[in-house]
Amino acid sequence: METYENLTNRPLRPHLRTARLTLRPVAAADETAVITHLNDLAISGWLARVPVPYTPADFHEFLTEIAYPGETFTIEDAQGFAGILGAGFELGYWLAPRAMGQGYATEAARAVLEMQFAHDESTVAAGYFEGNAASARVLAKLGFVETGRSLKHCRADGQDRPHVDLILTPEAFLAANPLEILTPRLRLAPLNIERDWRDIARIGGDPLVAPMTSSHRSPWPEAEVRAFLAESQWQGRPGFRLGIWHGAALIGAVGIWDDPAETGYFLDPAYWGQGFATEAMQAFLPQMMARFGLTEMQADHCTDNPASGSVLRKLGFRPIGEGIGDSLARGPVPISLYRLDRP
C-alpha cells in the first residue's frame, strides 16, 4: 500500500559507498599516504591551509582535531587510498595523482553533499585558486556558483593568491545532480508535475490500481494528483517517488518514505506480468538502502493482491504479519506486512 510520511532529517554517516568508491573516517593508517602526497607542491600548492613541509605532527593534529567522522573522509578505490574529502560548512578535497582525471572528486563529493543536505539544509562554501581548472569543473558540475573573487593565503608557498569564492544551496545541488537509475529496460527518474500528472492520474486512478493503494481514487481528481506529485518531489532524502519509464512511456512510479523506512510502487496494468516491477525495484532498493544508510525496509500489500506479494518475496522481503490498511478507493482493507533486512 502506498503511504507517505513527513520528511525527517537523517544523521551524518561516517561510511559511504558509491559506484566505485568507499568513503570512510580518516585513520592512523592513512598517515604515510597523506604525508607523502601533501609534501608534493603539485597537490598542496592548490590548498590554502596545508603547510609544507607537512609533518607527522600536522597529520596527528588533522586526525584528532579536524577530521570529524561524518564530515571528513578518506577516499578509497579498488587500489586503496585515493584522497581526502571534507565537507560541513565548506567543501574541500584533494586526490592522489594516480586517482586524478577519473571523476572521483565529483563522485565522492556528490555522495557526501547528498548526505549532508539530507541532514542540514545550510549552504556549503567552496573555492579554488585561479588556474585550478580541474577543481573549477568539479565544483561547477556539483552546482556551485561564484559569489566573488578574493586574495587568499596559501600556506604551502607562503603567498596571497587570487581565489574564486563559491556557494552551493540545496536547491542548486539537486538541480545539478538529478537522481536517475537505469536498468536494462527501464529508467527511473524524478516526476514533473506539469509534464506527468495526466499519466499518473490515468495509471494511479485505474480501477485495477487505485484499490490496491492507500492514496489513490478511481477516477483520480487532478487536484489530488497534483498534490500527490508535489509531496513526491526528489529532495535528496527519503520521502519521494520516481517515475518508471519504458522508452518514452511513463508506466508507473516507485517511492521511499521515512520513519520507518518504507517502499511501494504502482504500475500501469498494460505492463503487468512482464517483470517490470521486479526490475525497477531490484535497481531502486539497493541504491536507496546504500544511499541513506538504511538497515531495513518495510513494505505491504493488500491481501487480495498476491502478485505484489510475489514481487516482494522475489526482492528478498519476508512476511512479518498482517494488518488493516486504509484505501481511499475502498476503505479499510486487510494487508500483509513485509520487511527487507540489508545484507
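Overview of values
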item	result
Qualifying trypsin sites (Lys or Arg not before Pro) for region 245-336 [loop in DSSP, other Cβ within 10 Å: at most 15]	Arg330
Cα-based shape type of region 90-169, given that a ≥ b ≥ c are square roots of the gyration tensor eigenvalues and the cut on a/c is 1.5	oblate
Top positive-direction residue, dipole computed over the chain with Cβ charges, set Ala249, Ile203, Thr22	Ala249
Unit charges on C-beta of K, R, D, E only; dipole of region 16-175, Debye	420
Percent RCO, i.e. relative contact order, over the chain, from Cα pairs under 8 Å lying at least 6 residues apart	16
Share antiparallel - DSSP beta bridges, the chain, percent rounded to 5	95
Those trypsin sites (Lys or Arg not before Pro) in region 16-63 that DSSP places in a loop and that have at most 15 other beta carbons within 10 Å	Arg20, Arg49
Residues whose placed amide H lies under 5 Å from that of Gly264, excluding near-sequence neighbours	Gly255
Taking region 99-253 and dividing mean pair separation by its residue count, relative contact order in percent (alpha carbons under 8 Å, at least six apart)	20
For His153, distant residues with modelled amide H under 5 Å away	Arg161
Potential extension, Ala290-Arg313 segment - 0.36 nm per residue separation minus Cα distance	6.3 nm
Backbone HN-Hα couplings from phi across region 15-22 [Karplus 6.51/-1.76/1.60, Hz, Gly and Pro as x]	10, 9, 10, 10, 4, 10, 10, 10
Cα-centre dipole for region 65-137 with unit charges at Cβ (Lys and Arg positive, Asp and Glu negative), debye to 20	300
Residue-averaged [θ]222 nm for the chain, counting only DSSP H segments that reach four residues, each worth -39500 (n - 2.57)	-8000 deg cm²/dmol
Cβ-based exposure ranking for Leu63, Leu285, Leu182, in which fewest neighbours within 10 Å come first	Leu182, Leu63, Leu285
Contour minus Cα-Cα distance for Leu182 and Arg161 (0.36 nm per residue)	3.2 nm
Asp258 long-range amide H proximity, modeled H, under 5 Å	Glu5, Gly239
Candidates Gly275, Gly293, Gly205: whichever shows maximal mean-square fluctuation once the chain is modelled as a Gaussian network with Cα springs under 10 Å	Gly275
Dipole axis of region 263-343 (+1 Lys, Arg; -1 Asp, Glu on Cβ), positive-most option in Leu285, Pro319, Gly264	Leu285
Inter-part distance where region 143-206 and region 320-338 are each reduced to a Cα centre, Å	38
Test item: Cα-centred dipole of the chain, Lys/Arg +1 and Asp/Glu -1 on Cβ, debye	740
For the chain, with +1 on Lys and Arg beta carbons and -1 on Asp and Glu, the positive-most of Gly86, His153, Leu139 along the dipole	Leu139
Per-residue ³J(HN,Hα) for region 256-267, Karplus 6.51 cos²θ - 1.76 cosθ + 1.60, θ = phi - 60°, Hz, x for Gly and Pro	9, 9, 10, 6, x, 5, 9, 10, x, 8, 8, 9
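Throughout, read-outs are computed from the coordinates displayed, never taken from laboratory work. Because the structure is predicted, anything quoted here is derived from the model rather than measured. Methodologically, a virtual Cβ is constructed for each residue, glycine included, from the backbone with ideal geometry; neighbour enumeration extends over all protein chains shown.
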